[in-house]
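As structure tokens, the structure follows; a few thoughts come after it.
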Number of protein chains: 2
Amino acid sequence: MGVTERKERHKEDLKKDILTAAKELFTQKGYESTSIRAIAEKIEYSPATIYLYYKDKNEIVHALHQDGFRLLVSHFEVLNTVSNPFERLKAMGRAYIHFAMQNPDIYQLLFVMKEPLEHVANCFEDWHEGDRAFDILLKTVSECQGIGYFKGLDATMLSFSIWSTMHGMCTLRITGHLGHVAIARANQLDLDHLIGAAYETYVATLENLTT
Amino acid sequence: MGVTERKERHKEDLKKDILTAAKELFTQKGYESTSIRAIAEKIEYSPATIYLYYKDKNEIVHALHQDGFRLLVSHFEVLNTVSNPFERLKAMGRAYIHFAMQNPDIYQLLFVMKEPLEHVANCFEDWHEGDRAFDILLKTVSECQGIGYFKGLDATMLSFSIWSTMHGMCTLRITGHLGHVAIARANQLDLDHLIGAAYETYVATLENLTT
DNA sequence: GAATTTTACTAAACAGTGTTTAGTAAAATT
DNA sequence: AATTTTACTAAACACTGTTTAGTAAAATTC
């Protein structure tokens with residue numbers, strides 16, 4: 001029955017179309033300001049149709065959540081070519097910041113919004129994607145310890161600490177809080193340069209932990 | 001005319017009452033889930049009355065914003081009794097985390113939500129409270145450099161970096177992202193203890209920057 | 001081929017939101 | 001006593017996420 005297959009494919013297409021439209025609107029206008037009605041209008045269907053493909057708005061953001069994480073992890077995985085673990089760690093940090101600066105709304109979807117995580121918890125799934133990203137960091141930190149870095153520090157705790165620093169920088173930048181205190185205090189007009197400079201300072205502190 | 005004064009006082013009282021009700025509801029149910037109607041009901045006035053005292057919902061959160069910052073800065077200022085700047089810096093970090101853990105919704109109001117900051121920008125005010133808190137950090141970092149810590153690092157950049165780490169830890173904890181990766185990975189059942197342990201690890205990295 | 005069931009979709013409603021408008025009693029002023 | 005000001009609100013407006021009931025068209029069954 002080729003017909004049912006074609007219809008099945010069409011249904012899958014529509015589900016993707018909803019997601020594409022949602023992603024575009026979310027990144028344009030943010031999560032809260034994007035209505036189901038707006039998504040429906042963009043794909044030229046009625047709002048009720050959305051609910052035939054996704055249980056609710058949270059299920060849509062969860063789907064985008066998974067996509068976003070795949071994108072981030074893919075950014076990390078190309079760094080496997082960097083053989084020196086500390087160089088790889090530094091590159092990971094830069095990649096993380098770059099990802100957050102290029103996709104601020106997706107970043108917030110992944111690491112700031114509570115709703116997608118709650119959806120995960122409600123479905124009794126585990127947070128594969130987030131775990132995977134953290135594992136990559138943890139593994140890299142451990143490998144750094146293997147070549148003499150971070151002596152005497154707990155790898156998991158240090159990984160939390162590093163992640164926190166990266167996350168803090170990115171969110172303070174994205175929400176505009178960094179901008180407010182940076183004005184007049186740092187002679188960096190471009191905030192993205194400022195983030196870079198702050199990151200280099202942080203790397204310098206990590207660099208001193210070889211002894 | 002004592003009468004107009006009494007009325008004036010009554011008006012000020014009502015304005016405070018709105019704020020108190022709003023704060024209670026915000027911290028109970030969060031910003032998004034607290035409606036003007038709910039605030040109105042709590043103070044037993046009609047929703048329209050709120051708009052006679054505050055321009056819009058953002059002006060209410062901005063007022064709470066200022067209150068919250070005063071509370072945080074007051075937590076910092078008692079630390080002036082600690083004479084050693086590095087000890088004071090460590091105590092500041094603990095105070096910051098403690099504040100965030102005890103008042104997660106206020107913390108988000110101060111450092112996560114964009115709306116209050118946008119309100120500040122729209123009114124052409126500057127962000128006194130936030131600036132003040134950052135200045136206290138910056139001053140402490142500089143004093144640490146005065147006794148041999150953080151040699152060769154830019155004080156402002158290092159302050160950004162430290163703030164980012166603290167902010168990252170607090171927000172990852174509050175939003176639940178830390179909890180999701182921490183399960184099974186760290187043998188810490190209590191997440192608040194985990195935060196403490198991660199903080200101590202971070203302090204240990206700072207401690208090694210004396211050389 | 002006709003009758004039935006399933007599919008894919010939607011119009012309209014429900015209950016909620018922030019906010020504005022028009023209007024009303026009571027108090028203050030003239 | 002008449003007028004103006006004050007403090008307040010009922011009701012509406014334009015939204016929101018979501019659900020319900022219903023409808024054409026396609027697929028299936030007889």
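Where does each of A:73-80, B:157-164 land if you order them by average Cβ count within 10 Å, highest first? Kindly include the intermediate steps, with their values, before the conclusion.
On the way: A:73-80: 13.5, B:157-164: 25.8.
Averaged packing, sorted descending, gives the order B:157-164, A:73-80.
Working from Cα positions, state the angle (0 to 90°, nearest 10) between the long axis of helix B:191-207 and the longest principal axis of chain B.
50
If you stretched the chain out fully between A:LYS139 and A:ASP126, how much longer would it get, using 0.36 nm times the residue separation minus the C-alpha to C-alpha distance?
Between A:LYS139 and A:ASP126, full extension yields 2.7 nm more.
What angle do you read, to the nearest 10 degrees and between 0 and 90, between the alpha-carbon axis of helix B:85-102 and the longest principal axis of chain B?
40
For B:ASP192, go 7 angstrom from Cα along the Cα-to-Cβ vector, then report the distances to that same point in the other copies in nm, smallest first.
4.2
Across segment B:38-47, in residue order, what do the Karplus-derived ³J(HN,Hα) couplings come to in whole Hz, using 6.51 cos²θ - 1.76 cosθ + 1.60 with θ = phi - 60° and x for Gly and Pro?
5, 4, 4, 5, 5, 8, 6, 10, 7, x
How many nm is it between the label spots at A:ALA95 and A:SER83, if each spot is 7 Å from the Cα in line with the beta carbon?
1.8
Of A:LYS15/A:LYS55; A:LYS16/A:LYS42; B:LYS15/B:LYS42; A:LYS90/B:LYS139; B:LYS11/B:LYS114, which ones are farther than 19 Å apart at the Cα? If you can, show how the numbers build up before the last one.
Details: A:LYS15/A:LYS55 12 Å; A:LYS16/A:LYS42 13 Å; B:LYS15/B:LYS42 13 Å; A:LYS90/B:LYS139 29 Å; B:LYS11/B:LYS114 29 Å.
Beyond 19 Å between Cα atoms: A:LYS90/B:LYS139; B:LYS11/B:LYS114.
If you rank B:ILE43, B:ILE97, A:ILE147 by fewest surrounding Cβ atoms within 10 Å, what's the result? Don't skip to the end; give the middle numbers.
Details: B:ILE43 15, B:ILE97 20, A:ILE147 10.
Going from sparsest to densest Cβ surroundings: A:ILE147, B:ILE43, B:ILE97.
Would you mind ranking B:MET166, A:MET101 so that the residue whose beta carbon has the fewest other beta carbons within 10 Å leads the list? Write out the running numbers ahead of the final one.
Details: B:MET166 24, A:MET101 16.
Lowest count first: A:MET101, B:MET166.
What order do you get for A:THR165, B:THR175, A:THR210 when you list them from fewest to most C-beta neighbours inside 10 Å? Don't skip to the answer; put the middle values down first.
On the way: A:THR165 27, B:THR175 20, A:THR210 13.
So the ranking, lowest neighbour count to highest, is A:THR210, B:THR175, A:THR165.
Hey, can you rank B:44-51, B:197-204 by average C-beta count inside 10 Å, highest first? Working shown, then result.
On the way: B:44-51: 13.8, B:197-204: 20.2.
So the peptides B:44-51, B:197-204, ranked by packing, come out B:197-204, B:44-51.
Under the convention of a label 7 Å out along Cα→Cβ, give the distances in nm from A:ALA121 to the same position in every other copy, shortest first.
Listed shortest first, these distances are 3.1 nm.
So what's the gap between the Cα centers of segment B:60-97 and segment A:133-172, to the nearest angstrom?
27
Pull out a ≥ b ≥ c, the square roots of the eigenvalues of the alpha-carbon gyration tensor of the protein assembly as shown, then state rounded if a/c is under 1.5, prolate if not and a/b is larger than b/c, and oblate in the remaining case. Walk me through the numbers on the way to the answer.
Values: a/c = 1.99, a/b = 1.02, b/c = 1.94.
Cα axes put the protein assembly as shown in the oblate bin.
Residues of A:145-157, mean number of Cβ from any other protein chain within 10 Å of their own Cβ, rounded to a whole number? All intermediate terms of the calculation are to be shown ahead of the outcome.
Values: counts 0, 0, 0, 0, 0, 4, 1, 2, 5, 6, 1, 10, 10.
Per-residue shielding by partner chains comes out at 3.
Under the definition of partner shielding as Cβ atoms of other protein chains within 10 Å of a residue Cβ, what is the mean value for peptide B:107-114? Before the final figure, lay out the partial values.
Values: counts 0, 1, 0, 1, 5, 7, 2, 5.
Partner-chain Cβ atoms within 10 Å, mean over residues of B:107-114: 3.
Mind checking the angle between helix A:128-146 and chain A's longest principal axis? C-alpha axes, 0 to 90 degrees, to the nearest 10.
20
From the Cα gyration tensor of segment B:61-207, with a ≥ b ≥ c the square roots of its eigenvalues, which class applies: rounded if a/c is under 1.5, or else prolate if a/b is larger than b/c, or else oblate?
It is oblate, given that a/c is not under 1.5 and a/b is not larger than b/c.
Summing -39500 (n - 2.57) over the DSSP H runs of n ≥ 4 in the protein assembly as shown and dividing by its residue number, what mean residue ellipticity at 222 nm do you reach, to the nearest 500 deg cm²/dmol?
On the way: 22 runs with 320 residues, N = 422.
Calculated from helices alone, the mean residue ellipticity at 222 nm is -24500 deg cm²/dmol.
Only the coordinates and a few stated rules stand behind these numbers; no lab work does. Remember, predicted model here, so these are calculated numbers, not experimental data. For neighbour counting, all protein chains shown are included, and Cβ atoms are generated from backbone atoms with ideal geometry for every residue, glycine included.
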